[in-house]
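Enquirer: Mind looking over this structure? Questions follow.
We did not get these values from a lab; they are worked out from the coordinates using the rules stated. Note that the structure is predicted; figures quoted are calculated from it, not measured. In this analysis, Cβ positions are derived from the backbone assuming ideal geometry, glycine residues included, and neighbour counts consider all displayed protein chains.
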Amino acid sequence: MIPVAVRQRPAYDDQLDEPAALTVRVDCPAKTNLTLEVGPTHDEWGGRHELDTIYCAIGVYDTITATAKHPGAGFSLELEGAHLGDLASSSSDMRRNHAVLALFAMAQAAGRDSDVALTITKRIPVGAGLGGGSADAAATILAVNQLWELHWPMERLRTIAATLGADMPFCLSGGFAHGTGFGERIEVIDAGSAAERNLIGQGYAGEVLVGAYQSQLSTPEVYHTFDAVGPGNDDRNHLQAAAISLHPRSGQAIDAAVNAGARHAFVSGSGPSVVAFVPDSTTAQRIIDAWRNGGMVDRIIKASAPAHPIIGVSQ
Ligand SMILES: C[C@@](CO)(OP(=O)(O)O)[C@H](O)COP(=O)(O)OP(=O)(O)OC[C@H]1O[C@@H](n2ccc(N)nc2=O)[C@H](O)[C@@H]1O
Ligand SMILES: Nc1ncnc2c1ncn2[C@@H]1O[C@H](COP(=O)(O)OP(=O)(O)O)[C@@H](O)[C@H]1O
């Protein structure tokens with residue numbers, strides 16, 4: 001089921017006697033990996049690695065809006081946010097933005113032109129191992145599915161998302177899920193299931209602190225480094241040692257969070273950001289103080305997990 005909160009659409013604008021412009025807004029959460037086991041590479045997956053991962057969506061949301069434009073007008077993209085990372089650079093090509101690639105993929109699958117105005121309000125740190133680009137792509141797929149009244153089921157949307165990136169199929173539904181293949185095969189862990197109760201019982205739910213950085217890590221570079229150094233002893237995220245070798249402050253932030261009482265603290269996916277699950281607000285404050293006093297992170301974001309995309313329709 002796609003979690004949808006839809007407001008009623010007025011059929012026509014009284015003044016202009018033409019269809020009123022509809023805007024679909026999707027708030028799409030970041031992702032992390034509670035476990036990430038990395039296996040061998042496969043040529044048929046473009047050299048990507050086999051994965052076995054438990055995804056978890058965390059409530060730091062990017063917002064995408066999609067509004068229909070006149071036929072033949074083409075697409076447009078506006079980006080806003082205080083922390084745009086390398087997306088703010090003049091060499092950043094709008095046509096390579098993950099949201100735009102997702103719009104093109106949906107247009108091709110639907111046999112339509114991509115006459116849509118997209119806006120992205122970025123809150124998910126960029127190049128941080130939090131799947132921000134994947135969240136924006138997933139949000140665009142969900143938005144266009146609604147805007148064009150396609151009503152395609154989740155499985156069809158996942159198939160399209162999988163052509164764009166490993167994390168994107170998960171980001172369509174959020175929550176908790178088991179990912180296999182190169183990360184694109186998703187088995188949702190249902191709310192209330194024994195598997196979900198098990199994750200919650202282990203402390204993988206509730207209040208979360210994200211320690212974020214100005215610097216980014218490149219996902220391919222982290223996988224290359226993993227190929228050289230392998231997983232760290234006892235690391236549930238096999239990419240953690242590689243990420244820390246490239247960005248040592250992440251390791252310091254993990255140690256500080258654990259010492260201050262975090263239930264779990266780890267590098268999120270390919271890093272460099274660090275996620276800490278905290279049992280209560282006193283512990284959260286201890287971790288925040290340790291991170292700030294030690295200069296171990298550049299930015300701290302409070303969130304909760306698990307989270308889901310939220311879809312709304314308005315004029
Ligand atoms: C590591 C993870 C963990 O969830 O995400 P991040 O933490 O970076 O967000 C994912 O595996 C990344 O997902 P995503 O960023 O969507 O990957 P893709 O666009 O498909 O691939 C980008 C590059 O990452 C490497 N890659 C990705 C997935 C995979 N199973 N094996 C790989 O080796 C390849 O070098 C590939 O060219
Ligand atoms: N909409 C987008 N949001 C974030 N990054 C994007 C987006 N579109 C393209 N990118 C590019 O994708 C790369 C990875 O960004 P992101 O998805 O945030 O990180 P990660 O793969 O570590 O989770 C960045 O170099 C960024 O420029």
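Enquirer: Pairs of Cα atoms under 8 Å, at least six residues apart: use those to get the relative contact order of the stretch 205-304, whole percent.
Expert: 40 percent.
Enquirer: Report the extension gain between ASP86 and VAL229 in nm, rounded to one decimal, defined as 0.36 nm multiplied by the number of residues separating them, less their alpha carbon distance.
Expert: Gain in length upon complete extension: 48.8 nm.
Enquirer: Let me ask something additional. What fraction of the Cα pairs in the chain, stated in percent, has a spacing above 24 angstrom?
Expert: It works out to 53 percent of all Cα pairs.
Enquirer: In percent, what relative contact order does the stretch 37-117 have, based on Cα pairs under 8 Å that are 6 or more apart in sequence?
Expert: So the answer I get is 33 percent.
Enquirer: Related question: Counting pairs of Cα atoms in the stretch 140-298, how many percent are more than 26 Å apart?
Expert: 39 percent
Enquirer: Between the stretch 189-206 and the stretch 237-259, what is the separation of their alpha carbon centroids in Å?
Expert: Computed from Cα coordinates, the inter-centre distance equals 25 Å.
Enquirer: Between helix 219-229 and the chain, what is the angle of the helix's C-alpha long axis to the longest principal axis, kept within 0 to 90° and rounded to the nearest 10?
Expert: 30 degrees
Enquirer: OK, next. Send over the Kirkwood Rh of the stretch 174-254, from the inverse of the averaged 1/r over different Cα pairs, rounded to one decimal Å.
Expert: Answer for the stretch 174-254: a Kirkwood hydrodynamic radius of 15.0 Å.
Enquirer: If one computes the Cα centroid of the stretch 18-65 and of the stretch 277-294, what distance in Å separates the two points?
Expert: 27 Å
Enquirer: Report, in degrees rounded to the nearest 10, the 0 to 90 angle that the Cα long axis of helix 248-259 makes with the longest principal axis of the chain.
Expert: Between helix and principal axis, roughly 70 degrees.
Enquirer: What residue among VAL116, VAL229, VAL297 has the largest mean-square fluctuation in a Gaussian network model of the chain, using Cα springs under 10 Å?
Expert: Result for the chain, Cα springs under 10 Å: VAL229 fluctuates most.
Enquirer: List the relative contact order of the chain as a percent without decimals, with contacts defined as Cα pairs under 8 Å and 6+ residues apart.
Expert: 26 percent
Enquirer: Jot down the radius of gyration and Dmax of the stretch 54-196, Cα atoms only, both in angstrom.
Expert: In order Rg, Dmax, the Cα atoms of the stretch 54-196 give 15.1, 50 Å.
Enquirer: Also, I was wondering about something else. For THR163 and ASP190, calculate 0.36 nm times their separation in residues minus their Cα-Cα distance, and state this gained length in nm to one decimal.
Expert: The span from THR163 to ASP190 would gain 7.2 nm if fully extended.
Enquirer: Right, here's the next one. Using a Förster distance of 25 Å, how high is the FRET efficiency between GLN285 and ASP255, based on the Cβ-Cβ distance and rounded to 0.05?
Expert: In this case the efficiency is close to 0.90.
Enquirer: Mind telling me which of PHE226, PHE170, PHE277 comes out most flexible in a GNM of the chain, alpha-carbon contacts under 10 Å?
Expert: Per the Cα network of the chain with a 10 Å cutoff, PHE226 tops the list.
Enquirer: Mind jotting down a quarter of the surface of the convex hull over the alpha carbons of the stretch 205-304, in square nanometres, one decimal?
Expert: In nm², the orientation-averaged hull projection of the stretch 205-304 is 5.8.
Enquirer: Taking 25 Å as R0, compute the FRET efficiency from the Cβ-Cβ separation of GLU155 and ASP43 and round it to 0.05.
Expert: The formula returns an efficiency of 0.45 here.
Enquirer: Follow-up. Helix-only estimate, please: 222 nm mean residue ellipticity of the chain, summing -39500 (n - 2.57) across DSSP H runs of length 4 or more and dividing by its residues, to the nearest 500.
Expert: -9000 deg cm²/dmol
Enquirer: I'm a student and want to see the number: the projected area of the Cα convex hull of the stretch 12-117, averaged over all directions, in nm².
Expert: Dividing the Cα hull surface by four gives the mean projection, 10.7 nm².
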